[in-house]
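J.: Just passing along the structure, written as structure tokens.
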Amino acid sequence: MSDQVEIFIQPTPNPNALKFILDKPVKLEGNSTYRSPVECGENLLAYELFKIRGIDQVHFFDTAITITKFGYEDWENIEEKLMNTIKENFPKHNPDYHDPDPEADRRAALSPELQDIEKILDKTIRPGLQGDGGDIMALSYEDNILLVKYQGACGTCPSSTTGTLEAIKGILRDEYNPEIDVYIAPDF
């Protein structure tokens with residue numbers, strides 16, 4: 001098996017995020033989002049990507065690495081560095097790496113209503129968000145009000161507060177509760 005990896009770069013709806021699509025898997029099961037080098041754990045490739053100035057977040061899913069940069073850095077200054085880092089470190093990368101799964105623990109502790117909402121998001125909204133290097137988390141549901149938090153590239157994407165939020169609202173009104181309203185939880 002060749003250690004060489006082919007990489008195709010694809011834009012995302014977020015102007016500060018690019019998707020690096022590889023011809024080999026980067027994550028065999030689930031997805032991983034890292035917001036800092038200390039979160040990378042066993043994932044040396046993600047850790048190396050954070051060494052490039054301007055990297056805000058790294059998301060691994062299937063054969064894609066979505067990288068979100070801070071607004072002050074231009075893609076033209078870092079795109080080639082990212083490509084070289086991926087090519088140099090990919091031969092040592094294990095796509096079957098283990099991340100602790102706090103999401104499984106979080107979901108197990110959710111109310112039955114939030115678990116139902118998460119299942120709807122799993123089959124409708126989440127695949128599209130994950131495909132663009134992001135995700136969503138249902139935080140609370142009370143008095144027909146659902147609070148959500150975006151993760152990955154979605155957290156800084158302009159469309160997450162408009163079109164995406166309206167789509168989520170529409171799907172949950174159709175599939176869960178016609179009275180539901182959805183809001184983005186404030187960051188603290």
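The values are calculated or read from the model by the stated rules, or taken from the named source; none is laboratory data. Just so we're clear, the structure is a prediction, and the values are computed from it rather than from any experiment. All Cβ positions, glycine included, derive from the backbone under ideal geometry; neighbour counts span all protein chains shown.
J.: What are the residues in the range 126-140 that are in contact with a Ser or Thr (Cβ under 8 Å, 6 or more places away or on another chain) and under 14 Å from ILE168 (Cα atoms), if any?
T.: LEU129, ASP135
J.: Kindly indicate the residue of the range 151-177 that is buried (at least 21 other Cβ atoms within 10 Å of the Cβ) and either of a type in the set (Lys, Arg) or within 15 Å of the chain's Cα centre (by Cα) (or both) and also farthest from VAL58 (Cα to Cα) among those meeting that condition.
T.: Among those residues, the one meeting the criterion is THR164.
J.: Considering (1) touching a strand residue (DSSP E or B) at 6+ places or on another chain (Cβ under 9 Å); (2) without any contact (Cβ under 8 Å) to a residue 60 or more places away in the chain; (3) of a type in the set (Lys, Arg); (4) assigned by TED's automatic domain parsing to the domain that holds ASN31, say which one ARG106 fails and leave the rest.
T.: ARG106 satisfies all of (1) touching a strand residue (DSSP E or B) at 6+ places or on another chain (Cβ under 9 Å); (2) without any contact (Cβ under 8 Å) to a residue 60 or more places away in the chain; (3) of a type in the set (Lys, Arg); (4) assigned by TED's automatic domain parsing to the domain that holds ASN31 except (4).
J.: Here is a further query. In this structure, does TYR47 turn out to be outside the structural domain of CYS154 (by TED's automatic domain parsing), outside any strand (DSSP E or B) and out of contact with any helix residue (DSSP H, G or I) (no Cβ under 6 Å at 6 or more places or on another chain)?
T.: No; evaluated as a whole, the condition is false for this residue.
J.: So GLN130 clears everything in (1) in contact (Cβ under 8 Å) with a residue 24 or more places away in the chain; (2) touching a helix residue (DSSP H, G or I) at 6+ places or on another chain (Cβ under 6 Å); (3) part of a helix (DSSP H, G or I); (4) within 27 Å of ASP23 (Cβ to Cβ) except one condition, right? Which one?
T.: Of (1) in contact (Cβ under 8 Å) with a residue 24 or more places away in the chain; (2) touching a helix residue (DSSP H, G or I) at 6+ places or on another chain (Cβ under 6 Å); (3) part of a helix (DSSP H, G or I); (4) within 27 Å of ASP23 (Cβ to Cβ), only one is false for GLN130: (2).
J.: Can I ask one more? Go through the range 6-33 and give me each residue that's among the aliphatic types (A, V, I, L, M), part of a loop (DSSP other than H, G, I, E, B) and surrounded by 16 or more Cβ atoms within 10 Å (Cβ to Cβ).
T.: Residue satisfying the conditions is VAL26 alone.
J.: A follow-up question, please. Could you look through the range 98-137, keep only residues that are at pLDDT below 95 and aliphatic (A, V, I, L, M), and pick out the one that is nearest to GLU29 (Cα to Cα)?
T.: ALA104
J.: Please pick out the residue among ASP143, ASP132, ASP101, ASP122 that is crowded, with 21+ Cβ neighbours inside 10 Å, out of contact with any strand residue (DSSP E or B) (no Cβ under 6 Å at 6 or more places or on another chain) and not polar (S, T, N, Q).
T.: Going through ASP143, ASP132, ASP101, ASP122 in turn, the sole match is ASP132.
J.: Follow-up question, since we're still on this one. Please verify whether ILE65 is under 15 Å from ILE9 (Cα atoms), surrounded by 15 or more Cβ atoms within 10 Å (Cβ to Cβ), of a type in the set (A, V, I, L, M, F, W, C) and modelled with pLDDT of 95 or more, treating the condition exactly as stated.
T.: yes
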